């Protein structure tokens, strides 16, 4: 079967993100099926309909897969929802072809029934995209699709996400299969690399356990390193490890770093870390393996707020991890999420006071916690009457702490951020976006948020 895979994501802040998920889907489908990728990220809104029509006309697919990464931008202070863009893309596909439409991706896994109803697709794949292989095999042969793991059809029952077992060596098509590869290589040169799936942490707002499972499944380190070299050979200038938390299992992180050294990886890389206690010289080992950027999921620096968010670390742990990463020579960023359960002006003040101590780092603030199905914050929002029975959470809802409105949270952050060019507030802070875009246009490579910290 000829299958057209379309990536719908068009967000480009802080930099365009290459759709790694479609590489894995394409790898799972080949060689039994012929795959073509259409990536909408480089396109302006007025170009999308023509691009879809041309791709369908030239490729004549027997099925079309739509990858939904995000359903909105998560920013309560400057909300942008994407359902309208999704609906427009489906309309363009329906106009161009009668081939069945299959939905998938992280965003779809969170809202399968809602998106099937809203978009009128024929089928969907809940959970890991490689499960689409069985669906496309069945569509190609005319076999029934009922009962296939993770597959939902229009009007049918929505299954729970299905996760694989031992990940072993990941099946991934070369990124060159995406005709838009040069778009990403010319805007930072960043390609994604996955070393594990699943997350053992239990943060109350996070969707990773629902999407990938609550038990980490590690890729074999030498296979990860070989993939890293292939991405380097494909033109990547920087690799970002897309794991939910790279250092959830320090043994795995160190094994991957050792494997990078063995294959003599020549390009730098970064990852998302939890600021939890690590073995001595952990960040030094990362640096010696080529790591240059550490992004910490800090969220708060209030010791009373951290356990309410489901965090297993303290303010002191954050400061210690920050110092250890900087001693190793890494560029450091922290992501803060304010407005959680029982947040007050005092707890916001504690966090902002703590941020003053995170010298030399880029700090990214989000004011408002998006309520997603199956998360701890959803249960809290329902108990507080902020979410009603049967309410469709595809329409964005943000948790409102009883003692402090999100508007007031944002005002407190904005007031303190005024004298700090390295404090970036919101999902698309205009000044930061403009700086990073200019740097990438001038040929600079990598995330470059360290330039904001040095501003």
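The values are calculated or read from the model by the stated rules, or taken from the named source; none is laboratory data. Note that this is a predicted model, so its numbers are computed, not measured. Backbone-built Cβ (ideal geometry, glycine too); neighbour counts: all protein chains shown.
Here is a yes/no grid of residues against (1) more than 17 Å from residue 25 (Cβ to Cβ); (2) surrounded by fewer than 21 Cβ atoms within 10 Å (Cβ to Cβ):
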site: 62; (1), (2): no, yes
site: 88; (1), (2): yes, yes
site: 95; (1), (2): yes, yes
site: 116; (1), (2): yes, no
site: 126; (1), (2): no, no
site: 129; (1), (2): no, no
site: 136; (1), (2): no, no
Checklist entry - Restricting to the range 238-264, what's the tally of residues that are farther than 23 Å from residue 296 by Cβ and crowded, with 19+ Cβ neighbours inside 10 Å? => result 1
Next on the checklist: For the range 390-428, which positions are out of contact with any strand residue (DSSP E or B) (no Cβ under 8 Å at 6 or more places or on another chain), surrounded by 12 or more Cβ atoms within 10 Å (Cβ to Cβ) and more than 24 Å from residue 377 (Cβ to Cβ)?
Outcome noted: 421
Checklist entry - Out of (1) surrounded by fewer than 19 Cβ atoms within 10 Å (Cβ to Cβ); (2) in contact (Cβ under 8 Å) with a residue 40 or more places away in the chain; (3) over 30 Å from residue 393 (Cα atoms), what's the single condition that is false for residue 79? => result (3)
Next on the checklist: Being assigned to a loop (DSSP other than H, G, I, E, B), buried (at least 21 other Cβ atoms within 10 Å of the Cβ) and in contact with a strand residue (DSSP E or B) (Cβ under 7 Å, 6 or more places away or on another chain) is the filter here; which residues of the range 268-289 pass it?
Outcome noted: 274, 275
Next on the checklist: Tell me yes or no: at least one residue of the range 247-258 is outside the structural domain of residue 372 (by TED's automatic domain parsing), in contact with a strand residue (DSSP E or B) (Cβ under 9 Å, 6 or more places away or on another chain), in a loop (DSSP other than H, G, I, E, B) and at negative phi.
Outcome noted: no
Item to check | Where a residue in the range 373-391 is within 20 Å of residue 71 (Cα to Cα) and its partner, wherever it lies, is surrounded by fewer than 16 Cβ atoms within 10 Å (Cβ to Cβ), with Cβ under 8 Å and at least six apart | outcome: 376/202
Checklist entry - Restricting attention to the range 44-53, does a residue exist that is surrounded by 20 or more Cβ atoms within 10 Å (Cβ to Cβ), in contact with a helix residue (DSSP H, G or I) (Cβ under 7 Å, 6 or more places away or on another chain) and in contact (Cβ under 8 Å) with a residue 12 or more places away in the chain? => result yes
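Here's the yes/no breakdown for (1) modelled with pLDDT of 90 or more; (2) under 21 Å from the mean Cα position of the chain (by Cα); (3) more than 30 Å from residue 114 (Cα to Cα):
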{"site": "382", "(1), (2), (3)": "yes, no, no"}
{"site": "388", "(1), (2), (3)": "yes, no, no"}
{"site": "401", "(1), (2), (3)": "yes, no, no"}
{"site": "411", "(1), (2), (3)": "yes, no, yes"}
{"site": "417", "(1), (2), (3)": "yes, no, yes"}
{"site": "422", "(1), (2), (3)": "yes, no, yes"}
{"site": "433", "(1), (2), (3)": "no, yes, yes"}
{"site": "443", "(1), (2), (3)": "yes, no, yes"}
Next on the checklist: When you check residue 11 against the structure, is it within 16 Å of the chain's Cα centre (by Cα) and at positive phi, yes or no?
Outcome noted: no
